[in-house]
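Note sheet for the following structure.
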Amino acid sequence: MIRKSDELLSIGEVSARTGVAVSAVRYYETLGLVPAERTAGNMRKFPRHSIRRVSLIQLAVRFGIPLAEVAEVFGSLPQGRTPTKKDWRKISTEWNRRLEDRKQAIARMQDELTGCIGCGCLSLKTCNLLNPGDELGREGPGARRL
């Protein structure tokens, strides 16, 4: 797809506009998170909407969302055109669902940890947090965790 040169940004411009290192922008491109086109001189040129993508990637990283998960969610974005508000809303809905799942998992983990600390048993046979279902006991006697 041919674009006007003023619609495309250099990697340095994307870096400056997002505050992300050039090497990170390059890495995001290799992962397929940020689309880039090549000029005749093999320079990377990024569509303007890449700024939003890079900013969202940074936000996701700050919230502990793995880049593989970002790639999954970004996979639903259209290729070859600037995403619309509807496209971004769809991604927002998906991330909200994933974050809610994470929040619930953390709450369950907190409950288990509180129960474990309150119990004080330190038993590898009965502790559901350290040894769920006595998995270590099935491996026979002796130390299993060093």
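The values are calculated or read from the model by the stated rules, or taken from the named source; none is laboratory data. Note that this is a predicted model, so its numbers are computed, not measured. Please note: Cβ atoms are built from the backbone with ideal geometry, for glycine as well, and neighbour counts cover all protein chains shown. Each accessible area value is taken on the protein alone, full model and side chains, heavy atoms only, with ligands, DNA and RNA left out. Shrake-Rupley method; radii C 1.70, N 1.55, O 1.52, S 1.80 Å.
The residues of region 6-29 that are under 19 Å from Arg81 (Cα atoms) and free of Cβ contacts under 8 Å to residues at least 24 places away in the same chain, listed by number, are Asp6, Glu29.
Restricting Lys103, Lys45 to residues that are surrounded by 12 or more Cβ atoms within 10 Å (Cβ to Cβ) and of a type outside the set (A, V, I, L, M) narrows the list to Lys45.
For Thr30, the stated conditions do not hold, so it cannot be described as at pLDDT below 90 and either within 14 Å of the chain's Cα centre (by Cα) or of a type in the set (Ser, Thr, Tyr) (or both).
Filtering region 16-31 to residues that are farther than 12 Å from Ile51 by Cβ, hydrophobic (A, V, I, L, M, F, W, C) and part of a helix (DSSP H, G or I) leaves Val22, Ala24. Right, Ala60: part of a helix (DSSP H, G or I), of a type outside the set (Asp, Glu) and in contact with a helix residue (DSSP H, G or I) (Cβ under 6 Å, 6 or more places away or on another chain) or not? Taking the combined requirement at face value, the residue satisfies it. Each residue in region 26-42 was checked for being open to solvent by 60 Å² or more (accessible area, probe 1.4 Å) and touching a helix residue (DSSP H, G or I) at 6+ places or on another chain (Cβ under 8 Å), and 2 of them qualify. When Ser10 is tested against (1) of a type in the set (Gly, Ala, Ser); (2) open to solvent by less than 40 Å² (accessible area, probe 1.4 Å); (3) within 19 Å of the chain's Cα centre (by Cα), only condition (3) is not met.
This table checks each residue for (1) in a helix (DSSP H, G or I); (2) open to solvent by less than 100 Å² (accessible area, probe 1.4 Å); (3) touching a helix residue (DSSP H, G or I) at 6+ places or on another chain (Cβ under 6 Å); (4) at pLDDT below 85.
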residue: Val14; (1), (2), (3), (4): yes, yes, yes, no
residue: Ser92; (1), (2), (3), (4): yes, yes, no, no
residue: Gln110; (1), (2), (3), (4): yes, no, no, yes
residue: Ile117; (1), (2), (3), (4): yes, no, no, yes
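What residue, among those in region 32-57 that are part of a helix (DSSP H, G or I) and of a type in the set (A, V, I, L, M, F, W, C), is farthest from Leu99 (Cα to Cα)? Out of the qualifying residues, it is Ile51.
Scan region 67-81 and report the pairs whose first residue is among the aliphatic types (A, V, I, L, M) and whose second residue is at pLDDT below 90 and part of a loop (DSSP other than H, G, I, E, B), with Cβ atoms within less than 8 Å and a gap of 6+ or a chain change. Close Cβ pairs (under 8 Å, with a partner that is at pLDDT below 90 and part of a loop (DSSP other than H, G, I, E, B)) amount to Leu77/Pro83.
Filtering region 52-66 to residues that are in contact with a Ser or Thr (Cβ under 8 Å, 6 or more places away or on another chain) and open to solvent by 30 Å² or more (accessible area, probe 1.4 Å) leaves Ser55, Gln58. In region 70-89, the residue that is modelled with the highest pLDDT out of those that are open to solvent by 30 Å² or more (accessible area, probe 1.4 Å) and closer than 12 Å to Leu31 by Cα is Ala71.
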